[in-house]
1. I need the full set of residues from segment A:50-59 which are at pLDDT 90 or above and open to solvent by less than 30 Å² (accessible area, probe 1.4 Å), in order please.
2. Scan segment A:70-84 for residues that are open to solvent by less than 70 Å² (accessible area, probe 1.4 Å), of a type outside the set (S, T, N, Q) and more than 21 Å from A:Ser43 (Cβ to Cβ) and jot them down.
3. Using the structure shown, decide if B:Val37 is open to solvent by less than 20 Å² (accessible area, probe 1.4 Å) and farther than 30 Å from A:Pro8 by Cα.
4. Which condition does A:Thr49 not pass, out of (1) more than 14 Å from chain B (Cβ to nearest Cβ); (2) free of Cβ contacts under 8 Å to residues at least 60 places away in the same chain, if it passes all the others?
5. List, please: which pairs have Cβ atoms under 6 Å, are six or more places apart or on different chains, and start with a residue in segment B:59-72 that is open to solvent by less than 50 Å² (accessible area, probe 1.4 Å) and end with one that is part of a loop (DSSP other than H, G, I, E, B)?
6. Among B:Phe34, B:Phe90, B:Phe46, B:Phe104, which is the only one that is facing another protein chain (nearest Cβ under 10 Å) and in contact with a Ser or Thr (Cβ under 6 Å, 6 or more places away or on another chain)?
7. Checking the condition open to solvent by less than 30 Å² (accessible area, probe 1.4 Å), within 11 Å of chain B (Cβ to nearest Cβ) and touching a strand residue (DSSP E or B) at 6+ places or on another chain (Cβ under 8 Å), which residue from A:Val62, A:Val97 passes?
8. When you scan segment B:91-103, do you find a residue that is open to solvent by less than 10 Å² (accessible area, probe 1.4 Å) and more than 30 Å from A:Leu113 (Cβ to Cβ), even just one?
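The values are calculated or read from the model by the stated rules, or taken from the named source; none is laboratory data. The model shown is predicted, which means the values in this text are computed figures rather than measured ones. Here the Cβ positions follow ideal geometry from the backbone for every residue, glycine too, while neighbour counts run over all protein chains shown. When the accessible area is computed, the model is the full protein with side chains, heavy atoms only, and any ligands, DNA or RNA have been set aside. Shrake-Rupley method; radii C 1.70, N 1.55, O 1.52, S 1.80 Å.
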Amino acid sequence: GAVVSQHPSWVICKSGTSVKIECRSLDFQATTMFWYRQFPKQSLMLMATSNEGSKATYEQGVEKDKFLINHASLTLSTLTVTSAHPEDSSFYICSVVGTSGYNEQFFGPGTRLTVL
Amino acid sequence: AQSVAQPEDQVNVAEGNPLTVKCTYSVSGNPYLFWYVQYPNRGLQFLLKYITGDNLVKGSYGFEAEFNKSQTSFHLKKPSALVSDSALYFCAVRYYSSASKIIFGSGTRLSIRP
């Protein structure tokens, strides 16, 4: 399967600041990446689909101006949480779609964001 | 609409005993089903998938899952549980309207006691 990394693995920031999270596909070119958020003891919620070279597609209820996604290359997608607030504190996970054609996704290790 | 349900929040099993983590699904068309495992503060790891073919699918770490069309189920199983299997398990199904998106169940926490 694909190897996916995320940076940073954890971040603490003050309310009102912006935080950028990177997702890298290390061993193959990913035209599509996904961003999820996960609250404690809950399932993953899909936030958006990141498409290389085009605008991200956001799920209903996700603020596109709040969560900026950039997929500038086939190996890198970034999620920027703008003007972060404590309610944005969560575990953010990215994934890439495998190349077998059967849609299994390979996930990064996640980024724990804590907004004070 | 595509959906999966995991009816058990938690499953407790003694080490060495067989384990089952339940999943039922509701789909339009042929189901593409997946199981993932998540260890604490980590991303998800792919365990196995069902696309077509044999109803018994074998995956990583000795896990297998049985696709049952009549019962719309895709239960995860392992003949002999290990303490290291303790983790959070997610069943997932492909979105009908998208070739890539998948939707996750609520998750089942598996606890294996020594």
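1. A:Ala56
2. If we filter segment A:70-84 for residues that are open to solvent by less than 70 Å² (accessible area, probe 1.4 Å), which is where we start, we get A:71, A:73-84.
From the residues that got through so far, the ones that are of a type outside the set (S, T, N, Q) too are A:71, A:74, A:76, A:79, A:81, A:84.
Of everything in segment A:70-84, those that are open to solvent by less than 70 Å² (accessible area, probe 1.4 Å), of a type outside the set (S, T, N, Q) and more than 21 Å from A:Ser43 (Cβ to Cβ) turn out to be A:His71, A:Leu74, A:Leu76, A:Ala84.
3. Working: open to solvent by less than 20 Å² (accessible area, probe 1.4 Å): yes; farther than 30 Å from A:Pro8 by Cα: no.
Answer is no for this residue.
4. (1)
5. Going by the 6 Å Cβ cut-off, the qualifying pairs are B:Phe67/B:Asn55.
6. Working: B:Phe34 fails: in contact with a Ser or Thr (Cβ under 6 Å, 6 or more places away or on another chain); B:Phe90 fails: in contact with a Ser or Thr (Cβ under 6 Å, 6 or more places away or on another chain); B:Phe46 fails: in contact with a Ser or Thr (Cβ under 6 Å, 6 or more places away or on another chain).
None of the others qualify; the one that does is B:Phe104.
7. When all the criteria are applied, what remains is A:Val97.
8. no
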